[in-house]
Amino acid sequence: MVSTVIPIPAEGNLQRYLEEIRKFPMLSAEEEAELARRWRDQQDLEAAHKLVTSHLRLVAKIAMGYRGYGLPLSELISEGNVGLMQAVKRFDPERGFRLATYAMWWIRAAIQEYILHNWSLVKMGTTAAQKKLFFNLRRLKGQLQALEDGDLPPEQVSEIATTLDVPEEDVVNMNRRLTAPDHSLNAPLRADGEGEWQDWLVDEDENQEEKIAEQEEAESNQALLESALKVLNDRERHILIERRLKDNPTTLEELSQHYHISRERVRQIEVRAFEKLQRAMKAEIARRREAQAAALAARAGR
């Protein structure tokens, strides 16, 4: 029986992983289409395995473009591999394009979602414009030779806002988040240019697959947040929503008057609630991953 095991990257031995995935052969257009049909029509696990393993190098290269966000490369590759599997599952060979073109969106989306969840699980990337700003601000700052720390000069804020078609206030706020000392996101991108790889991945024009994917992603994230909020008591939930989930956050003073407690006490409750929410969301994400892995293992054992 042909092995259907997918190599797993390990942070301490990435070189071995990269050498291992290079052994998998690339596919011609004809071979790829035939395998895709076997998977779609017959649920042929061997065909799906060949489709996935032939594109693991693509995942690794895309993941390398996200090394500047403070997360282990092995984790980014693993998340990208999940996106690749989703792409293989949904790929239609009759649409006339190669799997790599289609899979790039799913790989990038999986990696970006992982980064967003692990950097700031709440009030980050809630709209397409915010995500675009989050993942392009560092590149534009590099082009403008902007300082990595501190606020941007007004003229650079204006130029970035115009380029990305977002409000100047959003640029200022996002830059402060990215340069905050509490996060490991202020490491400079590599000088070899790989940090700009994601800008090449797909056509920015929205297509039907992207619309569906964004809708599914938004629904999934909303369900994840709503589920996690249930771990908070009424006061914690109300304060967190007012402080972190509203476009115009309620002030500490207003909430202190509402609950007849000090502003410092409100701040403490907010911080504690946010930490509880983070733990709950991470636990739910881990649960979903385990469920996915179990489902794949069950199918492999058939």
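Values as computed for the structure displayed
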{"read-out": "Long-range neighbours under 9 Å by Cβ, at least six apart or interchain, first residue in contact (Cβ under 8 Å) with a residue 24 or more places away in the chain within the stretch 12-40, second part of a helix (DSSP H, G or I) and of a type in the set (S, T, N, Q)", "value": "14/74; 17/74; 21/53; 24/53; 25/53"}
{"read-out": "Qualifying helices (runs of 4 or more DSSP H) (wholly inside the stretch 45-90; at least 2 residues being in contact with a Phe, Trp or Tyr (Cβ under 6 Å, 6 or more places away or on another chain) and not assigned by TED's automatic domain parsing to the domain that holds residue 134)", "value": "45-53, 73-90"}
{"read-out": "Residue list for the stretch 162-185, filter: farther than 12 Å from residue 138 by Cα, hydroxyl-bearing (Ser, Thr, Tyr) and at pLDDT below 80", "value": "184"}
{"read-out": "Residue match in the stretch 118-127 (condition: modelled with pLDDT of 70 or more, out of contact with any Gly (no Cβ under 8 Å at 6 or more places or on another chain) and more than 15 Å from residue 56 (Cβ to Cβ))", "value": "yes"}
{"read-out": "So residue 143, is it at pLDDT 80 or above, among the polar types (S, T, N, Q) and either surrounded by 18 or more Cβ atoms within 10 Å (Cβ to Cβ) or under 26 Å from residue 111 (Cα atoms) (or both)", "value": "no"}
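Results for (1) surrounded by fewer than 15 Cβ atoms within 10 Å (Cβ to Cβ); (2) modelled with pLDDT under 50; (3) over 30 Å from residue 160 (Cβ atoms), shown as yes or no for each residue.
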{"site": "202", "(1), (2), (3)": "no, yes, no"}
{"site": "207", "(1), (2), (3)": "yes, yes, no"}
{"site": "257", "(1), (2), (3)": "yes, no, yes"}
{"site": "262", "(1), (2), (3)": "yes, no, yes"}
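The values are calculated or read from the model by the stated rules, or taken from the named source; none is laboratory data. Values in this document were obtained by computation on a predicted structure and should not be read as measured data. Neighbour counts are summed over all protein chains in view; Cβ atoms, including those assigned to glycine, are modelled from backbone coordinates with ideal geometry.
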